[in-house]
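Notes follow the structure.
The values are calculated or read from the model by the stated rules, or taken from the named source; none is laboratory data. None of these values were measured; they are calculated from a predicted model. Quick reminder, even Gly has a Cβ in these numbers, built from the backbone with ideal geometry, and neighbours come from all protein chains shown.
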Amino acid sequence: MLATLIPLFDDKMFVCAYSVFARKENLFLNPELMAGARFDGAGTVHELEVVSNMGVATLSGGKEVFVPVNQFSLFAEISLQCTVPADKVVLLMDNTIQPEEEYVKRVKELKEQGYKMAIRKLPISSFEPYKEIISQCDYIFLDHVKIDISKAKIYFKRQYPGIKLCAVNVDTQEQYDELVRDGGYDRYEGSFFRMPLKKSQTEVSPLKVNYIELLNVVNAPDYDLTDAADVIGKDPALVISLLEIVNRMALNSEITSIRHAAAMLGQKELKRWINTAVTKELCADKPSELIRLVMVRAKFAENLAKEFELAMQSPELFIMGLFSALDIMLGKTMKEALEMVQVSKNVRDALLEDKGDFAKVLDFIRCYEDADWTEVSRLLVLDNINMDNVYAAYLGALRWYRDLIPA
């Protein structure tokens with residue numbers, strides 16, 4: 001099994017929901033499935049298996065989850081496969097579902113069971129033929145490049161006043177900003193929130209400079225605990241967070257100073273805590289999804305270390321994942337951002353040059369995040385990696401993030 005989450009944003013850059021995409025089989029190991037790969041959900045909605053196994057709290061922080069269905073899986077016993085509340089699930093149909101009586105009847109049945117409905121991949125010419133199905137939908141996904149939203153907004157408001165319009169394939173921040181400014185869409189999906197910066201956009205704030213100083217202290221070889229404690233003391237939020245974590249570890253110990261608290265954690269655990277806590281603070285003025293992205297990516301990379309025969313370097317892979325969006329956190333190019341922090345050559349080569357063994361892991365993760373299952377399957381075969389181990393590594397990263405930053 002392979003599975004990943006694709007976020008949907010509102011016009012304030014808040015994540016409102018996630019689409020879940022899964023693949024049960026590695027098609028490169030099962031070439032006989034290639035011809036019918038797009039129907040590999042027949043009879044079983046594998047995304048629902050993921051949702052049911054993880055629960056919406058862990059998977060999406062309690063937000064709605066969009067689950068794709070095709071003309072076969074639409075007729076599966078969805079209510080038996082789904083153990084989470086129906087109102088948290090949006091069944092995402094595509095154009096393989098035809099505007100015919102049997103499909104319309106089935107969509108109405110699912111609506112009566114409490115599921116929300118959405119449809120995607122409909123050309124403009126299909127809006128009228130699909131009107132009975134669209135009338136049952138809570139969302140419709142539209143390619144913003146092919147749609148005149150000013151006309152679409154009038155059409156949908158008149159014909160389907162309760163439906164939410166979702167812009168897909170939003171690839172750049174400029175596209176997102178323009179769509180928000182023009183209005184008309186309720187949700188946005190695309191990679192715009194994590195695109196690398198081509199040039200510096202802002203000066204780094206003094207507070208972020210303190211965080212960078214702290215990162216450099218703890219990522220130096222054999223760093224001094226007292227130096228780290230002194231930098232932590234400059235930021236009240238970090239002090240409170242440190243004391244909270246230490247108090248949970250040592251209920252009967254009286255913490256007398258920040259240096260004492262740092263010593264209680266120890267060098268290894270303090271370094272891990274600082275890297276995650278500081279990354280969270282660096283993302284504080286960015287879309288909330290960026291925090292989830294880099295945290296899950298970091299743990300996923302660490303969990304994959306053994307699969308890529310890099311088990312001894314798992315802590316470095318964790319750092320690589322955390323810093324993989326450092327340019328966005330700091331408003332600098334990646335080259336400028338990496339000049340401000342101390343990282344290993346392995347991490348630098350991967351993030352800046354896309355070279356080395358670490359780059360292979362990062363490229364694999366990015367394909368996985370995009371649900372590019374064809375490329376993921378190819379890489380699994382090339383590196384002789386077990387697909388189920390990858391799935392377990394991803395779910396483990398999601399659980400870790402849930403425990404680290406509760407919804």
Residue pairs meeting the criteria (Cβ under 9 Å; at least 6 apart or on separate chains; first part of a loop (DSSP other than H, G, I, E, B), in the stretch 221-239; second of a type in the set (D, E, K, R))
Tyr223/Lys271; Gly233/Arg259; Lys234/Glu213; Asp235/Glu281
Of everything in the stretch 125-151 that's at pLDDT 90 or above and assigned to a helix (DSSP H, G or I), which residue is nearest to Ala76 (Cα to Cα)?
Ile133
Kindly provide the set of residues from the stretch 361-384 that are farther than 19 Å from Arg194 by Cα and surrounded by fewer than 17 Cβ atoms within 10 Å (Cβ to Cβ), ordered by number.
Thr374, Glu375, Arg378, Val381, Leu382, Asp383, Asn384
Working only within the stretch 93-112, note down all residues that are under 31 Å from the mean Cα position of the chain (by Cα), over 15 Å from Ile78 (Cα atoms) and buried (at least 16 other Cβ atoms within 10 Å of the Cβ).
Asp94, Ile97
Would you point out the residue of the stretch 331-357, among those that are in a helix (DSSP H, G or I) and among the acidic types (Asp, Glu), that is farthest from Met312 (Cα to Cα)?
Glu336
Is there any pair linking a residue in the stretch 101-121 that is within 10 Å of Ala86 (Cβ to Cβ) to one that is buried (at least 21 other Cβ atoms within 10 Å of the Cβ) and of a type in the set (Phe, Trp, Tyr), with Cβ under 8 Å and at least six apart or on different chains, and which?
Lys116/Tyr139
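Yes or no, residue by residue, for (1) closer than 28 Å to Pro236 by Cβ; (2) in a helix (DSSP H, G or I); (3) outside the structural domain of Val239 (by TED's automatic domain parsing); (4) among the basic types (Lys, Arg):
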position	(1), (2), (3), (4)
Thr256	yes, no, no, no
Lys268	yes, yes, no, yes
Arg292	yes, yes, yes, yes
Phe308	no, no, yes, no
Met329	yes, yes, yes, no
Ala359	no, yes, yes, no
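Quick one: would you say Gly321 is surrounded by fewer than 22 Cβ atoms within 10 Å (Cβ to Cβ), in contact (Cβ under 8 Å) with a residue 12 or more places away in the chain and under 18 Å from Leu290 (Cβ atoms)?
On the way: surrounded by fewer than 22 Cβ atoms within 10 Å (Cβ to Cβ): no; in contact (Cβ under 8 Å) with a residue 12 or more places away in the chain: yes; under 18 Å from Leu290 (Cβ atoms): yes.
In short, no.
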What are the residues in the stretch 53-78 that are among the polar types (S, T, N, Q), modelled with pLDDT of 85 or more and surrounded by fewer than 21 Cβ atoms within 10 Å (Cβ to Cβ), if any?
Asn70, Gln71
Based on this model, can you work out whether Val170 counts as crowded, with 20+ Cβ neighbours inside 10 Å, β-branched (Val, Ile, Thr) and in a loop (DSSP other than H, G, I, E, B)?
yes
What about Gly184, is it in a loop (DSSP other than H, G, I, E, B), among the small types (Gly, Ala, Ser) and surrounded by fewer than 15 Cβ atoms within 10 Å (Cβ to Cβ)?
no
Filter the stretch 266-289 down to the residues that are buried (at least 19 other Cβ atoms within 10 Å of the Cβ) and aliphatic (A, V, I, L, M), then identify the one that is farthest from the chain's Cα centre (by Cα).
Leu270
Failed criterion for Lys12 (all others in (1) surrounded by 16 or more Cβ atoms within 10 Å (Cβ to Cβ); (2) modelled with pLDDT of 90 or more; (3) not in a strand (DSSP E or B); (4) not hydrophobic (A, V, I, L, M, F, W, C) hold):
(1)
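Name the residue that is nearest to Asp186 (Cα to Cα), counting only residues in the stretch 139-160 that are without any contact (Cβ under 8 Å) to a residue 12 or more places away in the chain and of a type outside the set (Asp, Glu). If you could, list the steps in order and put the result at the bottom.
Of all residues in the stretch 139-160, those without any contact (Cβ under 8 Å) to a residue 12 or more places away in the chain come to 148, 151, 154, 157-158.
Cutting the leftovers down to of a type outside the set (Asp, Glu) gives us 151, 154, 157-158.
On the way: Lys151: 15, Ile154: 14, Lys157: 12, Arg158: 16 Å.
Once the filter is applied, the top-ranked residue is Lys157.
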From the residues in the stretch 183-210 that are at pLDDT 90 or above and among the charged types (D, E, K, R), which one is nearest to Ile6 (Cα to Cα)?
Glu189
